[in-house]
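Here is the structure we will look at, set down as C-alpha cells.
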C-alpha cells in the first residue's frame, strides 16, 4: 500500500502538512508514504523517519507509473490538477481551501473564523478512516549533527538563556515590519538576538547587526533551512511575521510571537499546537486587504504593522516570556 502526499510550496505550507504523515503511518503502519514537492523544500522532509521517499516536482516517469492507494493533493491548484489523470491510484483526495470565504473577507462582505489549515488538510484523510482530530504536532526532522553545530556555536558565544530568534523574512512587503522598527526593537531589547531569513534578508540583517549595541548573529542568508530550524529550536522564543518561519518555529516546538500585517489569524494559519501570541492592529477596517499580500500597502500607509510599535511588541514579548514555564523557554 502506497500513499503520495503532494504539496509543492512553500516553506510554511509544506511544514503544515507533516501531521498527516504521522496520522497515516499510525493508521496504516505497513504503508509506504511518499511526498511530492519542489526541490527547494526537500530538506524539510528528507530526514522524516516515516517518509519512504521525497520526489521533486515535476513528477518523474517512474512516479507516474506507480500504483497508489491514495494520492492526497494538498496543493489543489491548476499545477496539480493534471495529477488526477496522469497518476494511477485507487482514491484521489483533496481538502477545502476556503478561498471563496477568504475572498469575501478581504472585500468586507463577510467574516468567518476558518478552521486551521492543518485541520482542513486532515479532511483529505477521511476516505481512509482518519479524522482531523487525530492530527498531532508539526514535524521537521533535523539531523543531530546540525543540532550539535548550533549548540556548539551558542556555547562559544556564551549567551545564556536571554536571547531571541527573530525572523525577518516575508514574501510580501505588507507582511514585514518596517526596518526602523527592528532597529528600535533591538535597542529596547538590549540582549542577544539571532536574525533569521534567506539571502534576500541578509542586507537588512547585516545593517541591523552593525547598528546594534548587543551581540547579534546574522543567520539570514548564511544557513540552510535545517540550520535555521536548529537555531529556532534552541531559542527561548521566536518573533516573526505571518510567514513560513512561524510554522518552522511550531515544528520545533517553540513559543512564537507573530506580527500580523495584511492577513489575519482567522484565515486559519496560526502556529499549530504551540504556545503563541498574535499581535495585530485590530482597529483597522482595511484588514485583511489580501489573503496573500502586496509589495507595498495598497493604501500607502502600512498602518497594520506600523501600529505595532517596538515598545508595544517588546512589552508583549516580555510578558509572554514571563508567562512560560522555564522548560518552554529553554531555561
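The values are calculated or read from the model by the stated rules, or taken from the named source; none is laboratory data. Computed from a predicted model, the values in this text were never measured in an experiment. With ideal geometry, Cβ positions are generated from the backbone for all residues, glycine too; neighbour counts draw on all protein chains shown.
Would you mind telling me which numbered condition in (1) touching a helix residue (DSSP H, G or I) at 6+ places or on another chain (Cβ under 8 Å); (2) assigned to a helix (DSSP H, G or I); (3) surrounded by fewer than 21 Cβ atoms within 10 Å (Cβ to Cβ) residue 209 fails?
Unmet for residue 209, out of (1) touching a helix residue (DSSP H, G or I) at 6+ places or on another chain (Cβ under 8 Å); (2) assigned to a helix (DSSP H, G or I); (3) surrounded by fewer than 21 Cβ atoms within 10 Å (Cβ to Cβ): (1).
For the stretch 256-268, give me each residue that is touching a residue at least 24 places away in the same chain (Cβ under 8 Å), surrounded by 23 or more Cβ atoms within 10 Å (Cβ to Cβ) and in contact with a helix residue (DSSP H, G or I) (Cβ under 6 Å, 6 or more places away or on another chain).
The answer is 257, 261, 262.
For every residue, the table says whether it meets (1) within 23 Å of residue 259 (Cα to Cα); (2) in contact (Cβ under 8 Å) with a residue 40 or more places away in the chain; (3) surrounded by fewer than 14 Cβ atoms within 10 Å (Cβ to Cβ).
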| position | (1), (2), (3) |
| --- | --- |
| 142 | no, yes, no |
| 147 | no, yes, no |
| 162 | yes, yes, yes |
| 165 | yes, yes, no |
| 186 | yes, no, no |
| 219 | yes, no, no |
| 234 | yes, yes, no |
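If I filter the stretch 27-44 down to residues being part of a helix (DSSP H, G or I) and touching a helix residue (DSSP H, G or I) at 6+ places or on another chain (Cβ under 7 Å), which single residue comes out as surrounded by the fewest Cβ atoms within 10 Å (Cβ to Cβ)?
At the first step, the residues of the stretch 27-44 found to be part of a helix (DSSP H, G or I) are 27, 39-41, 43-44.
The next check asks that each one be touching a helix residue (DSSP H, G or I) at 6+ places or on another chain (Cβ under 7 Å); those that pass are 27, 41, 43-44.
Details: 27: 13, 41: 23, 43: 16, 44: 26.
Checking each candidate, the answer is 27.
Give the residues of the stretch 45-65 that are assigned to a helix (DSSP H, G or I) and surrounded by fewer than 18 Cβ atoms within 10 Å (Cβ to Cβ), sorted by residue number. Spell out the reasoning first.
First, pick out the residues of the stretch 45-65 that are assigned to a helix (DSSP H, G or I): 45-46, 61-65.
Passing the criteria: 46, 61, 62, 64, 65.
Residue check: is residue 136 assigned to a loop (DSSP other than H, G, I, E, B), exposed (fewer than 12 other Cβ atoms within 10 Å of the Cβ) and either at pLDDT below 95 or not assigned by TED's automatic domain parsing to the domain that holds residue 218 (or both)? So that I can check it myself, show each step before the final result.
Working: assigned to a loop (DSSP other than H, G, I, E, B): yes; exposed (fewer than 12 other Cβ atoms within 10 Å of the Cβ): no; either at pLDDT below 95 or not assigned by TED's automatic domain parsing to the domain that holds residue 218 (or both): yes.
In short, no.
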